[in-house]
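Bear in mind that the values in this text are calculations on the coordinates, not laboratory data. Only a predicted model underlies this, so the values are computations on that prediction, with no experimental measurement involved. Here the Cβ positions follow ideal geometry from the backbone for every residue, glycine too, while neighbour counts run over all protein chains shown.
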Amino acid sequence: MPELDLLVRARRIVTPGGLRQGTVGIRGGQIIAVELTEGGSAAEAARAAETTDLADDEVLLPGLVDSHVHVNEPGRTDWEGFATATRAAAAGGITTIIDMPLNSLPPTIDANALQVKREAALGQIHVDVGFWGGAVPGNEDERRRLHDAGVFGLKCFTVDSGVPEFPPLDEAGLERAARQAAETGSLLLVHAEDAATIGSAPAAAGPAYSGFLRSRPGAAEAAAIARVIEASRRTGARVHLLHLSSAAAVPMIAAARREGLPLTVETCPHYLALAAEDVPDGATQFKCCPPIRERANRELLWEALRGEIIDCVVSDHSPCPPDLKKMTQGDFAAAWGGISSLQIALPVVWSQARTRGHSLGDVARWMAAQPAEIAGLSRKGRIAPGCDADLVAFAPDDSFVVQPDMLYHRHRLTPYAGQLMHGAVRRTWLRGTPVTGDRPVGQLLAREEALRT
């Protein structure tokens, strides 16, 4: 009888030890063995019920982990839903997403809302899905319940979130949330922008992107991040800084890391690929908060990524119906702030990384291994024995032009339309099963410690 359900052979496999030729043996949805050889023999293939050989131009990557996704279902499913978001994720080589606690209704700020969210996802997810909880004023008692129910951490804002049902924490509230996180061993995620700094900046108005950029200055991120670092220092809380856009905060982050504070940081494809100077006036599909900044700032973010001051790259997929982008008015002040890029995050990042001398191993670390480690997903993000057999056949030298009608997102408005991308996802496996979109094969995930209790 075959010892393996599936054997995948590839001339190039991105492993924790580097890029190697070999085979990956899969049984029961897990990677049983990774054999790094000069090619598989006929005897080796006989061990498996099925054998798949990657094409010569394909590289076997670990399934990506996107820990910053706004699915919005239930309540705002007309913005994005589990079926469309996870289908898009699989098409982009993402095999695990963690859903943010806002823009759905109800927001995930109590255990009952978490259950509602899980029930909404059942039976329609094409990749594995976990959930973050929320920390908002007045839900202190629910935070422990959310933690015990298996959320991967708790997210808060230090500035208006954009939706009234998810208000921000003030400085004292941030301190309490950090102390609670330290007591429970949870992870506190922070959207860090300073409300007072934004309040004193010139207000955005009309179609000028330069005006919108001035309304969300980098100083707002720096001021809020300084408070977050201090809260971590006082409480010992593990803190994760969301969607870093301003390189002005990098020196203080680096100093905090040298000090040994338990601080991790993410950035997003749009901050690494786009530049304020290239955003046309009125092009509200480019609006996000914090904003896309100047080219010089972008290159400093790349330096921070190279220097491991920034840990990971995740999409912050934040969709909305096109009418909320106010495209006809071109009004940055009125438009919803969010960029949809779940399906094309990998080629966006690879297209930029390859021009700066980075390897596919670097990209796999930023977009698979590190997000999995930060979230505590020990069986995700790596091609190694004992891990889930989440795999991607990726052609790094293939290229395509982004056409909105190729996207599976519920709404296909994208700032990348018409751009040339390098790298194409050809096949995706979730726990050894091909993800084709014909039937949902994803599972709901909970924090591993919660599953053991």
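How much length is gained on full extension from GLU294 to LEU36, taking 0.36 nm per residue of separation minus their Cα-Cα distance? Let's see the in-between values first.
Details: separation 258, 0.36 × 258 = 92.88 nm, distance 4.30 nm.
Result: 88.6 nm gained on full extension.
Quick one: which of 98-104, 263-269 comes out on top by average Cβ neighbours within 10 Å, and what's the full order, highest first? Can you show the working numbers first?
On the way: 98-104: 26.6, 263-269: 24.3.
Peptide ranking by packing, descending: 98-104, 263-269.
Under a Cβ-only charge scheme (Lys and Arg +1, Asp and Glu -1), can you give me the dipole magnitude of the range 199-257 about the Cα centre, in debye to the nearest 20? Numbers along the way, then the final one.
On the way: 7 positive and 2 negative charges, 38 e Å.
That gives a dipole near 180 debye.
For each of VAL363, VAL71, VAL435, count neighbouring Cβ atoms within 10 Å of the residue's Cβ, then give the residues from fewest to most.
On the way: VAL363 23, VAL71 32, VAL435 26.
Lowest count first: VAL363, VAL435, VAL71.
ALA49 label point, 7 Å along Cα→Cβ, cut-off 12 Å on backbone N: hits in the range 370-403?
none
Considering only the other residues whose Cβ falls under 15 Å of the Cβ of LEU420, what net charge follows from Lys and Arg at +1 and Asp and Glu at -1?
Numbers: positive: ARG354; negative: ASP278, ASP397, ASP398.
Computed value for this residue: -2.
From Cα pairs below 8 angstrom and at least 6 apart in sequence, can you work out the relative contact order of the range 146-240, rounded to a whole percent? Each step should come with its number before you reach the end.
On the way: 142 pairs, mean separation 31.0, N = 95.
Contact order relative to length: 33 percent.
Taking the Cα centre of the range 336-445 as origin and charging only Cβ (+1 Lys, Arg; -1 Asp, Glu), how large is the dipole, in debye to the nearest 20? The partial results should precede the final answer.
On the way: 12 positive and 8 negative charges, 31 e Å.
With Lys and Arg at +1 and Asp and Glu at -1, about 140 debye.
Can you put MET421, MET252 in order, fewest other beta carbons within 10 Å first? Mind showing how you got there, number by number?
On the way: MET421 19, MET252 13.
Fewest to most other Cβ atoms nearby, the residues stand as MET252, MET421.
Sort CYS387, CYS312 so that the residue with the fewest other Cβ atoms within 10 Å of its own Cβ comes first and the one with the most comes last. Present the calculation step by step, with values, prior to reporting the outcome.
Working: CYS387 23, CYS312 27.
Lowest to highest Cβ neighbour count: CYS387, CYS312.
Let's see if you can work this out: charge +1 on each Lys and Arg Cβ, -1 on each Asp and Glu Cβ, no other charges. What is the dipole magnitude of the chain about its Cα centre, in debye to the nearest 20? Please report the intermediate quantities before stating the final value.
Working: 45 positive and 55 negative charges, 66 e Å.
Roughly 320 debye for the chain.
Projecting each Cα onto the charge dipole of the chain (Lys/Arg +1, Asp/Glu -1 at the beta carbon, about the Cα centre), which of GLY22, ALA204, PHE82 comes out farthest on the positive side?
Positive-end residue among those listed: GLY22.
Report, in deg cm²/dmol and to the nearest 500, the calculated mean residue ellipticity at 222 nm for the chain, where each DSSP H run with n ≥ 4 adds -39500 (n - 2.57) and the sum is divided by the residue count. Intermediate values should be presented prior to the final figure.
On the way: 15 runs with 135 residues, N = 453.
The helix-only estimate for the chain comes to -8500 deg cm²/dmol at 222 nm.
Using Cα-Cα distances under 8 Å and only pairs 6 or more residues apart, what relative contact order does the chain have, in percent? Present the calculation step by step, with values, prior to reporting the outcome.
Working: 1103 pairs, mean separation 93.7, N = 453.
The normalised contact order for the chain reaches 21 percent.
For the charge dipole of the chain, defined by +1 on Lys and Arg C-beta atoms and -1 on Asp and Glu C-beta atoms about the Cα centroid, which residue among GLY376, CYS320, PRO164 has the Cα displaced farthest towards the positive pole?
GLY376
Could you check the spin-label model distance between LEU105 and LEU420? Points 7 Å from the Cα along Cα→Cβ, value in nm.
Simple spin-label model gives 4.5 nm for this pair.
Quote the relative contact order of the range 1-113 in percent (integer), defining contacts as alpha-carbon pairs under 8 Å separated by 6+ residues.
On the way: 200 pairs, mean separation 26.2, N = 113.
RCO, the range 1-113: 23 percent.
Kindly work out what percent of the DSSP beta bridges joining two residues of the chain are antiparallel, to the nearest 5.
Values: 28 of 59 bridges.
About 45 percent, rounded to the nearest 5.
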